[in-house]
Amino acid sequence: MQTHFMKDRGVDATSQTANTRPADMLTIPDLIRKKRDGGQLSDDEIKAFIQAVKEKTIQDSQIGAMLMAIWLNGMVSVEIKALTREMMSSGEVMEWPDEWKNFMVDKHSTGGVGDKVSLVLAPALAACGCKVPMISGRGLAHTGGTLDKLESIPGFKVEQSREQILEILDSVGCCIVGQTETLVPADRVLYALRDITGTVDSLPLITSSIISKKGAESLSALVLDVKFGRAAVCKDLESATELAQMLVEAGNGLGIRTAAVLSGMNGSIGRCVGNSVEVIESLETLKGNGPDDLMELVTTQGGLLLVMTGLVSDLSEGRKQISEAVVGGAALSKFQAMMEAQGVNSDTAQRLCTTNTDYYSVLRKAKHQLELKAPADGIVLEIDGLVLAQVLHRLGAGRSKAGEPVNHSVGAVLLVSIGQRVTKGVSWLRLHYEDPALTPDQRNHLESALTVGTDQKIQTQQKCTLVEKILPKKYAY
């Protein structure tokens, strides 16, 4: 009955008028009705909507209605491209020196647990000759934010002006900064309203939000890490593939060479989850001691960007160059220079980058540490990353609303790996936390993250790699 009712509404006199009236005469309510009834918005109509958002000549209720209409009916490719382009053009679009233009690169992750890829990848790319104006975000809900991690380093300033970004890129080659006030202002309005109108998970709105910001960076190449699994926005490979294809198409539509890596997100990336402990793991990776899963993501995404900029001929060579930059110390030097350029005292930066340093002589350590013990003998089959992240979030490592503070010292370090044989009573996780103490419910929840089983199950549950697919396929070889 509801379907027939909506079809009947779609052919009433009001809607017929909205769909036949010339574009320059359509009002905002006309545009909302047109999209509500399944119509396709023209480039000019999308431009008029975003212009009204930017100039604040539209009510929040009308923006919310349009967002819901898009959520209900979706958008075709040409609409997504137009929406992305208009959002990008709603503010400042960055300009770079001509000699940089083929080497401007960035990455974006759809969010995961322990995702510290940016901290290793940005300096590695700079060491390979790229310019990386990485504009990152803060954590929300169970996903951590790159800016929050970096702010656990005393003195690190994520807010930089356009002139400062240019200066840092010229001297270092990479920076990791927050979004400026003048960059894609329309997105800030839509993003806030998506949160309160239940339209956060609309693929066209996700796509336009991500790609418009990357387009405003005036990139030559972009790689997207689209995650799937229990601890990801996309719960399965099929939905992740749909989002990845949409993102790649929108990026290419803005003239940015764009590729996507689809990677699993059931556990955590590396062994550390939480702001300060992830900085420590990133620094250890830059010193050549990184976990295999983190290095897989860094070398794959970095290798793709080197291919797309023409610096290497294939992904294998790209992976090799990124790996050499990390293991050989060139990326660590770039990270140290980036820290100093973004406000960290030179002595502090040097101490963090020294081999066998005491990280907690610089970074704040949580007041309490607690080790959890394995409940039985067996093989570690699984460690649920979502459970870890949810408990850490409640202990202060994350935020529920934008603008809330986070406790940088709260985190967890995994002491065992998938596939490892453990005995009952051995420590499998070290928790760093502040007052108040862990509640019994939180402890039980945390202990439920570990699954220990028998040898027979290990073949079906153990997975050695995170990367499942690369789009487009032409970059995968």
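The values are calculated or read from the model by the stated rules, or taken from the named source; none is laboratory data. In this text the structure is predicted, and so the values were computed from the model without any measurement. Here the Cβ positions follow ideal geometry from the backbone for every residue, glycine too, while neighbour counts run over all protein chains shown. Only protein heavy atoms, including side chains, enter the accessible area calculation; ligands, DNA and RNA are left aside. Shrake-Rupley method; radii C 1.70, N 1.55, O 1.52, S 1.80 Å.
Using unit Cβ charges (K, R positive; D, E negative) and no other charged atoms, how large, in debye to the nearest 20, is the dipole of the chain about its Cα centre?
Working: 50 positive and 57 negative charges, 135 e Å.
My answer is approximately 640 debye.
Roughly how many percent of the accessible protein surface of the chain is carbon and sulfur, given a 1.4 Å probe and a whole-percent answer?
On the way: 10190 of 20440 Å².
It is 50 percent, rounded to a whole number.
Towards the positive end of the charge dipole of the chain, with charges on Cβ (+1 Lys, Arg; -1 Asp, Glu), say which of L294, I206, W96 has the farthest Cα.
Final value for the positive-end residue is L294.
Taking the alpha-carbon distance from K34 and a cut-off under 22 Å, which lysines remain once sequence neighbours fewer than 8 residues away in the same chain are dropped?
K7, K47, K54, K56, K81
What does the C-alpha gyration tensor say about the overall shape of the range 98-356? Classify as rounded when a/c is under 1.5, otherwise prolate if a/b is larger than b/c, or oblate. Please report the intermediate quantities before stating the final value.
Numbers: a/c = 1.30, a/b = 1.29, b/c = 1.01.
Note, shape of the range 98-356 comes out rounded.
Which value, in debye to the nearest 20, describes the size of the charge dipole of the range 98-356 about its Cα centre when Lys and Arg Cβ atoms bear +1, Asp and Glu Cβ atoms bear -1, and nothing else is charged? Could you put the intermediate results ahead of the total?
On the way: 22 positive and 31 negative charges, 29 e Å.
I would put it at about 140 debye.
Assuming 0.36 nm per residue, please report the length gained on full extension of the stretch K157 to E404 beyond their Cα-Cα distance. The partial results should precede the final answer.
On the way: separation 247, 0.36 × 247 = 88.92 nm, distance 1.77 nm.
Length gained between K157 and E404: 87.2 nm.
For E242 and D170, compute 0.36 nm times the residue count separating them, minus their Cα-Cα distance, and round to one decimal in nm.
Working: separation 72, 0.36 × 72 = 25.92 nm, distance 3.72 nm.
So the extension gain works out to 22.2 nm.
For the chain, which span is the longest to avoid every loop-located (per DSSP) member of GluC sites (Glu not before Pro) having at most 11 other Cβ atoms inside 10 Å? Intermediate values should be presented prior to the final figure.
Numbers: sites that count: E95, E181.
In the chain, the maximal stretch lacking such sites is 182-477.
Along the range 188-193, what does the Karplus equation 6.51 cos²θ - 1.76 cosθ + 1.60 (θ = phi - 60°) give for ³J(HN,Hα), rounded to whole Hz, x for Gly and Pro?
My calculation for the range 188-193 gives 4, 5, 5, 4, 5, 6 Hz in order.
Please report the antiparallel percentage of DSSP beta bridges with both residues in the chain, rounded to the nearest 5.
Antiparallel bridges make up about 55 percent of those DSSP assigns within the chain.
Quick one: angle between helix 203-215 and the longest Cα principal axis of the chain, in degrees between 0 and 90, rounded to 10, please.
Approximately 80 degrees, to the nearest ten.
How would you order 352-361, 328-337 from highest to lowest mean count of nearby Cβ atoms within 10 Å? Let's see the in-between values first.
Working: 352-361: 12.9, 328-337: 20.6.
Ranking, from highest mean packing down: 328-337, 352-361.
List the aspartates and glutamates whose Cα lies under 13 Å from the Cα of K213, skipping any in the same chain that are fewer than 8 positions away.
Within the straight-line cut-off, K213 pairs with E86, E92, D106, E181, D187.
Assuming R0 = 35 Å, can you tell me the calculated FRET efficiency for the pair T354 and R230, based on Cβ-Cβ distance, to the nearest 0.05?
Values: r = 38 Å, r/R0 = 1.08.
About 0.40, to the nearest 0.05.
Taking a ≥ b ≥ c as the square roots of the eigenvalues of the Cα gyration tensor of the range 28-89, is the shape rounded (a/c under 1.5), prolate (a/b larger than b/c) or oblate? Intermediate values should be presented prior to the final figure.
Values: a/c = 1.71, a/b = 1.06, b/c = 1.62.
It comes out oblate by the Cα gyration axes.
Considering only protein heavy atoms, what per residue accessible area in square angstrom results for the chain with a 1.4 angstrom probe? Please list the in-between numbers first.
Working: 20440 Å² over 477 residues.
Per residue, the chain has 43 Å² of solvent-accessible surface.
In deg cm²/dmol, rounded to 500, what helix-only [θ] at 222 nm does the chain give when every DSSP H run of at least 4 residues adds -39500 (n - 2.57) and the total is split over its residues?
On the way: 20 runs with 215 residues, N = 477.
It comes out at -13500 deg cm²/dmol, rounded to the nearest 500.
Along the range 290-304, what does the Karplus equation 6.51 cos²θ - 1.76 cosθ + 1.60 (θ = phi - 60°) give for ³J(HN,Hα), rounded to whole Hz, x for Gly and Pro?
Taking θ as phi minus 60°, the curve returns x, x, 4, 5, 5, 5, 4, 5, 5, 6, 5, 5, x, x, 4 Hz for the range 290-304.
Extending each Cα 7 Å along its Cβ direction at S361 and R188, get the distance between those two points in nm, one decimal.
4.1 nm
Compute the acute angle (0 to 90°) between the alpha-carbon long axis of helix 117-127 and the principal axis of greatest extent of the alpha-carbon atoms of the chain; round to the nearest 10°.
Taking Cα atoms only, the helix is inclined about 90 degrees.
Rounding to the nearest 10 and keeping the result within 0 to 90°, find how far the Cα-based axis of helix 77-88 lies from the longest principal axis of the chain.
Between the helix axis and the principal axis of the chain, the angle is about 70 degrees.
Rounded to the nearest 0.05, what FRET efficiency do D201 and T57 have when you use their Cβ-Cβ distance and R0 = 35 Å?
Working: r = 28 Å, r/R0 = 0.80.
Once the sixth-power term is evaluated, E becomes 0.80.
Can you list the HN-Hα couplings for the range 166-177, worked out from phi with the Karplus curve (6.51, -1.76, 1.60; θ = phi - 60°), rounded to whole Hz and with x for Gly and Pro?
Once θ is set to phi - 60°, the couplings for the range 166-177 become 4, 5, 5, 4, 5, 8, 10, x, 8, 8, 10, 9 Hz.
Pull up all non-local amide H partners of V452: gap of 5 or more, or a different chain, and H-to-H distance under 5 Å with H placed in the peptide plane.
Hits under the 5 Å cutoff: L381.
Show which aspartates and glutamates lie in cross-link reach of K101 when reach means a straight Cα distance below 12 angstrom and same-chain residues fewer than eight apart are skipped.
E217
Roughly what would the spin-label model give for N289 and T451, points 7 Å off Cα along C-beta, in nm?
Spacing of the two 7 Å Cα→Cβ label points: 3.1 nm.
Considering amide H positions built from the backbone, and no H for Pro or chain starts, which residues 5 or more places from C175, or on another chain, come under 5 Å of its amide H?
Hits under the 5 Å cutoff: V132, M134.
Name the long-range amide H neighbours of K373: under 5 Å, sequence gap of 5 or more, or other chain; modelled H, no Pro or chain starts.
Residues meeting the criterion, in which the H sits 1.01 Å from N, are W428.
List residues of the range 431-446, by number, whose backbone nitrogen lies under 14 Å from a label position 7 Å along Cα→C-beta of E371.
Of the residues in the range 431-446, 431-432 have backbone N under 14 Å from the label point off E371.
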